[in-house]
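Here the structure comes first, spelled out in structure tokens, and everything after it is commentary.
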Amino acid sequence: DAGVTQSPTHLIKTRGQHVTLRCSPISGHKSVSWYQQVLGQGPQFIFQYYEKEERGRGNFPDRFSARQFPNYSSELNVNALLLGDSALYLCASSGTGDNQPQHFGDGTRLSIL
Amino acid sequence: GIQVEQSPPDLILQEGANSTLRCNFSDSVNNLQWFHQNPWGQLINLFYIPSGTKQNGRLSATTVATERYSLLYISSSQTTDSGVYFCAVDFNKFYFGSGTKLNVKP
């Protein structure tokens, strides 16, 4: 079975632009979460979606938004990009039920010039 | 919010040595996972261990939920064990520690 897949793998943008990152969960997983990992730190929680509804939001500005589609794939959108948005963006999926383990994709490495 | 502290922050080992990594957390949690992040950034699941002890080959983990800590044991370390080890706890949302950076020298 395929794991969590993310696209693109790398992306270069300039300040002020907009970016969309995509994630496909493991088949059968209905929950998708997004994380930002800047160099030298642990991943920081951005959003969780379950059954197309937002279940949780981390401490990120409104420039960050996300959605989940009927097939449980998800998009993370970031507007008005800043240099500080340069990071590895990770997507994780988890199965149905409480307290399920998270399975991570390989991430999208976003560089802002 | 919940605090997740990992120690040591950095660790250098000779190949074949054993090590113990620690994760302390500040509140009762629903879930705890250990991950290995390799030099290419991939986060690999090691253990899902909200409580108790689990073993997988040279790795084992123990979580004592009542005392709010977890330990990851690496025995007979290999150069491929190098990378960053993270613990993450689920307290309504997922919180990661800052990691232990392990360098295993041949």
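Just a few scattered comments:
- Residues that are among the hydroxyl-bearing types (Ser, Thr, Tyr) and within 20 Å of B:Phe86 (Cβ to Cβ) were ranked within region A:17-60; the one that is surrounded by the fewest Cβ atoms within 10 Å (Cβ to Cβ) is A:Ser31.
- The set of residues in region A:66-105 being surrounded by 16 or more Cβ atoms within 10 Å (Cβ to Cβ), of a type in the set (Gly, Ala, Ser) and under 26 Å from B:Val89 (Cβ atoms) consists of A:Ala66, A:Ser74, A:Ala87, A:Ala92, A:Ser93, A:Ser94, A:Gly105.
Results for (1) assigned to a loop (DSSP other than H, G, I, E, B); (2) touching a residue at least 12 places away in the same chain (Cβ under 8 Å); (3) touching a His at 6+ places or on another chain (Cβ under 7 Å), shown as yes or no for each residue.
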position	(1), (2), (3)
A:Leu39	yes, yes, no
A:Gln48	no, yes, no
A:Arg55	no, yes, no
A:Pro61	yes, no, no
A:Ala66	no, yes, no
A:Leu76	no, yes, no
A:Tyr89	no, yes, no
A:Ala92	no, yes, yes
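- Some residue of region B:21-28 being under 11 Å from the mean Cα position of the chain (by Cα), more than 14 Å from every other protein chain (Cβ to nearest Cβ) and closer than 22 Å to A:Gly3 by Cβ: no
- Selected residue (criterion: farthest from A:Cys91 (Cα to Cα)) from residues of region A:6-16 that are surrounded by 15 or more Cβ atoms within 10 Å (Cβ to Cβ) and not charged (D, E, K, R): A:Leu11
- Among the candidates B:Tyr69, B:Tyr85, B:Tyr48, the residue that is at the interface with another protein chain (Cβ under 9 Å from one of its Cβ atoms) and in contact (Cβ under 8 Å) with a residue 12 or more places away in the chain is uniquely B:Tyr48.
- Sole exception among (1) within 13 Å of chain A (Cβ to nearest Cβ); (2) over 23 Å from A:Arg109 (Cβ atoms); (3) in contact with an Asp or Glu (Cβ under 8 Å, 6 or more places away or on another chain) for B:Ile74, by number: (1)
- For region B:52-73, the set of residues classified as surrounded by 14 or more Cβ atoms within 10 Å (Cβ to Cβ) and outside any helix (DSSP H, G or I) consists of B:Lys54, B:Leu59, B:Ser60, B:Ala61, B:Thr62, B:Thr63, B:Arg68, B:Tyr69, B:Ser70, B:Leu71, B:Leu72, B:Tyr73, listed by residue number.
- Yes/no for A:Arg22 being basic (Lys, Arg), part of a strand (DSSP E or B) and either more than 17 Å from B:Gln33 (Cα to Cα) or at pLDDT 95 or above (or both): yes
The values are calculated or read from the model by the stated rules, or taken from the named source; none is laboratory data. All values derive from a computational prediction rather than experimental measurement. So basically every Cβ, Gly included, is an ideal-geometry build from the backbone, and we count neighbours across all protein chains shown.
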